Amino acid sequence: MKYYTQNGAYIIQCDVKEFSIEVWDKAKKNIPEKNITNANYFGAYDEKENGVKTHFTLPAGSLIADIKTSEKWVNHYMNERGKVINGKFFYDSSKFNYQNQFYGKKQTTFYIENGQGKFLETGSIKDNWNYAVIGVPLIRDGRETKWYDECVPQGWKTDVIYATQHILLGTKQNDNSIYIISWKSTTSNMVYSSEAYKKFKPMGFYNLIKLDGGGSAMMRVNGNIVQSTAENRQCNGYFVIHPKTTSTITNTGAVTNTSTNNTTTIVTNPYPVPTRTLVYGCKGNDVKFIQWQLTNKAGIKTDIDGSFGNGTRTSVITYQKRKSLDPDGSVGPITRKSLQSL
């Protein structure tokens, strides 16, 4: 598992074997898992028995997940809506017609089968799938999706794609990793405005869906909450990662590696190499490349914010003096080549 930030997005990259979907029915900050994000869309309900009211959640869209909750009403209605096989819940929302916007429709579904993560527009789930979850399609097979042509016919409404913190799940071509992303959009419909596509297509995503967000959004890495909205909302399903090896780029850019199998994952610089001379006042992802190299390769702590300000200039001068380069505080071809070689 790797954790890093890129272009304002918090990203967990994991192997299929490290990935699971689990039904907890607990407040998002109260789950005893070190690497977790909220996942599926859900509904909240109440039942009263012998004067005692119980508040609980149930999945709204198709889901295959391990059952971690022992709550009576959750298990009762999960068995009524779907089926449970060896501790795993199978729910096909296209076949459940009670107050269900997805009934009779095909949805974009991420599923794991035979050790691979795949996407499919389907109205049914299969017993041989390991996990499955539905989401709003943002990128499909490398192309931009269309709100009215693809999302609305699947049953999606604008109340799930407004400007807020979102959880996304995606894959890239020729890469069997799963990417879980927490990201805040700024437009009222990030599909119709192309905001999501323009953001994540250049980052290499070939398939990408939007899952639950807003007050449910939370990402915890190595036991630390790296992103969360203020609410401690009771959610239904979660992505849980059980890492073999963990690599973390902290919010200052420092890389920390911990291993459970005596191997080390090397995290490479996620930002583009500059093709211009960078000076005080420059902004962009190529500035982040320099800041990342200074922090992670040269050991000169620098804010990775994409803005070439006084702090970055001071760090560059420190590096140039260390390498006996002209300490002019700018990053031209010579300084850039030196930083790249680290």
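None of the figures in this text is laboratory data; all of them are computed from the coordinates on show. Just so you know, these numbers come straight off a predicted model, no measurement behind them. Cβ: placed from backbone, ideal geometry, glycine included. Neighbour counts: every protein chain shown.
What list do you get for 305, 149, 66 if you sort them by fewest beta carbons within 10 Å? Each step should come with its number before you reach the end.
Details: 305 14, 149 8, 66 17.
Ordered from fewest to most neighbouring Cβ atoms within 10 Å, 305, 149, 66 come out as 149, 305, 66.
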**Cα pair distances in the chain, grouped into 10 Å bins until the bin that holds the longest one, percent each** = 5, 24, 30, 22, 11, 6, 2, 0
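Which of the peptides 10-20, 33-43 is most tightly packed, and how do the rest follow, going by the mean number of other Cβ atoms within 10 Å of each residue?
Numbers: 10-20: 19.9, 33-43: 22.8.
Descending mean neighbour count gives 33-43, 10-20.
Could you tell me the calculated FRET efficiency between residue 83 and residue 305, based on Cβ-Cβ distance and R0 = 51 angstrom, to the nearest 0.05?
Values: r = 49 Å, r/R0 = 0.97.
That gives a FRET efficiency of 0.55.
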**Item:** Charged-residue dipole, Cβ positions (Lys, Arg, Asp, Glu), the chain about Cα centre, Debye nearest 20
**Value:** 880
**Request:** Would you mind calculating the gained length between residue 98 and residue 146 on full extension (0.36 nm times residue separation, minus the Cα-Cα distance), in nm to one decimal?
**Result:** 14.5 nm
**Message:** Quick one: the Cα spread of region 37-130 along its three principal axes, in angstroms, biggest first?
**Reply:** 46, 27, 24
**Message:** Among 99, 134, 239, which residue has its Cα furthest toward the positive end of the charge dipole of the chain, with +1 on Lys/Arg Cβ and -1 on Asp/Glu Cβ?
**Reply:** 239
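With +1 on each Lys and Arg Cβ and -1 on each Asp and Glu Cβ, and nothing else charged, work out how big the dipole of region 285-340 is about its Cα centre, in Debye to the nearest 20.
On the way: 9 positive and 5 negative charges, 50 e Å.
Around 240 debye, computed over region 285-340.
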**Prompt:** What number comes out for the charge environment of residue 231, summing +1 per Lys or Arg and -1 per Asp or Glu over other residues with Cβ under 10 Å away?
**Reply:** +3
**Item:** Helix-only [θ]222 nm of the chain, DSSP H runs n ≥ 4, -39500 (n - 2.57) each, per residue, nearest 500
**Value:** -4000 deg cm²/dmol
